[in-house]
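Have a look at the structure below before the remarks.
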Amino acid sequence: MLQINKLDKSLVISLSLLGFISCLFVHSSSTVFEQYTSSFIVKQLFYYLIGFLVMYGVATLDIEQLKKVSWPFYWAMVLLTFCLFIAPESIARTVNEAKRWYQIPALGSFQPSEFLKFALLIVVSKVIVSHREKYVHPTFLTDMRLLIIIAAITFPPMLAVYKQPDTGMTMIYMSMLIPMLFFSGIQKKLLIIFTAIPVSILSIVTILYVKYNEFFTNNILNKLSGHQISRIQGWLQPNEYPDSSFQTRQGFLAIGSGQFTGKGYMKNNVYVVEKHTDFIFANIAEELGFIGGAFVITLLFFVIYRIVLITIEAKDPFMTLMGAGISSLLAFQITQNIGMTIGLLPVTGMTLPFLSYGGSSLISNFMLIGIVMIINKSYSSYMFKTTKD
């Protein structure tokens with residue numbers, strides 16, 4: 001059994017601080033405007049306690065046990081994700097035109113797509129390592145085979161999540177998988193092709209938007225769903241589409257009004273939709289100002305810094321792949337969430353890790369930290385192991 005003092009203390013202290021901040025501002029953002037019948041602080045505190053317990057539970061596993069549970073957990077999450085399409089409204093109701101959650105009495109909602117990232121991380125890492133062990137001297141064809149296997153594992157559930165619709169979660173999966181592919185040791189030719197395709201597509205889309213806007217609107221933008229079109233228009237042309245950009249403009253206003261030192265706790269007066277979830281950073285910056293916002297960002301990236309350091313020390317390829325995926329996923333999600341609150345990036349519905357209200361998001365991220373604790377435990381035990389001649 002893993003002892004609590006064997007956990008990485010820096011991560012535990014950082015996550016505890018983030019939990020304290022999260023509970024304070026989930027309470028503040030959900031009570032000031034009296035838009036909800038009660039504060040969410042009790043539930044958020046409960047989710048945090050469950051999160052720490054889940055993190056500890058995952059950390060007690062060793063690498064081989066983690067590999068054994070990878071496929072069963074993957075198939076369970078894939079099944080739950082696809083079942084959302086046929087589940088009755090009584091157990092999986094549609095919220096804001098999206099069907100992503102199962103309703104659990106007394107506990108709240110359960111979002112399988114959040115836990116799918118944990119499953120994909122382990123399964124893809126396991127597949128890559130097994131492939132490398134089988135093909136000691138890889139060729140272009142064997143690496144193509146690896147990419148096809150990974151695509152078969154990841155694309156069907158990712159497509160299902162995209163259709164819920166949840167574009168943000170699909171982007172999170174990609175942010176996790178891309179660095180894992182770069183660390184997988186596949187042929188450089190494939191890496192170049194793999195990198196060139198999305199870069200080329202993004203460049204073409206950008207050129208079409210800037211120089212051929214009418215063609216871009218008619219042939220690209222209008223092919224998306226109404227919800228996606230609204231968000232993109234609100235991001236690119238906030239003045240022309242005030243309704244679509246309302247949340248972003250209000251978030252930007254809240255952050256700007258906090259100035260350097262903030263208005264003080266519980267003194268936020270700028271209304272922002274979903275201020276306790278996706279836009280919690282706007283509330284923090286409004287009440288604590290630039291100083292508070294900078295502190296929170298520093299604390300979040302310190303968590304990533306510790307994950308990177310722990311991953312670097314790991315000599316096992318399986319651990320390295322998982323650590324790379326986790327650090328990249330969190331870095332992307334933090335950047336995207338804060339970027340959308342200040343209008344630099346489009347609104348995608350992503351939560352701010354360890355701060356936004358929500359049980360599934362919080363607990364699934366603690367599961368990822370549990371993997372980091374396994375990595376830390378594994379390399380630490382080897383560092384101090386002595387051998388007898």
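The values are calculated or read from the model by the stated rules, or taken from the named source; none is laboratory data. The model shown is predicted, which means the values in this text are computed figures rather than measured ones. All Cβ positions, even for glycine, are placed from backbone atoms using ideal geometry, and neighbour counts span all protein chains on display. For accessibility, only protein heavy atoms count, side chains too; no ligands or nucleic acids. Shrake-Rupley method; radii C 1.70, N 1.55, O 1.52, S 1.80 Å.
Details
- Exceeding the 24 Å Cα-Cα cut-off - candidates LYS9/LYS68; LYS9/LYS315; LYS43/LYS263; LYS163/LYS223: LYS9/LYS68; LYS43/LYS263
- Heavy atoms of the protein chains alone define the surface here; on that basis the chain has 49 Å² accessible area per residue at 1.4 Å probe size.
- Accessible-area composition of the chain, carbon plus sulfur, in percent [1.4 Å probe]: 68
- Convex hull of the range 8-166 built on C-alpha atoms - directionally averaged projected area, nm²: 12.6
- Cα centroid separation, the range 145-198 to the range 209-235 (Å): 24
- Estimated translational D of the range 275-346 in µm²/s (Stokes, Kirkwood radius over Cα pairs; 4 °C; 1.567 mPa s): 97
- Rounded Å value of the spacing that divides the Cα centres of the range 61-120 and the range 276-355: 23
- Ordering SER39, SER29 by accessible surface, largest first, gives SER39, SER29; the 1.4 Å probe counts only protein heavy atoms, with every chain in place.
- Estimated FRET transfer efficiency when R0 is 35 angstrom, pair LYS68-LEU45 (beta carbons, to 0.05): 0.60
- Here THR142 and ALA98 are evaluated by their C-beta separation; at R0 = 56 Å the FRET efficiency comes out at 0.90.
- Measuring gaps between exposed loop sites in the chain (GluC sites (Glu not before Pro); DSSP loop; at most 13 other Cβ atoms within 10 Å), the longest gap, sites not included, is 241-389.
- Of the chymotrypsin sites (Phe, Trp or Tyr not before Pro) found in the range 23-120, the ones in coil according to DSSP and having at most 15 other Cβ atoms within 10 Å of their Cβ are PHE33, TYR36, PHE85.
- Here is the list for the range 233-299: trypsin sites (Lys or Arg not before Pro) lying in DSSP coil, each with at most 14 other C-beta atoms within 10 angstrom of its C-beta, are LYS267.
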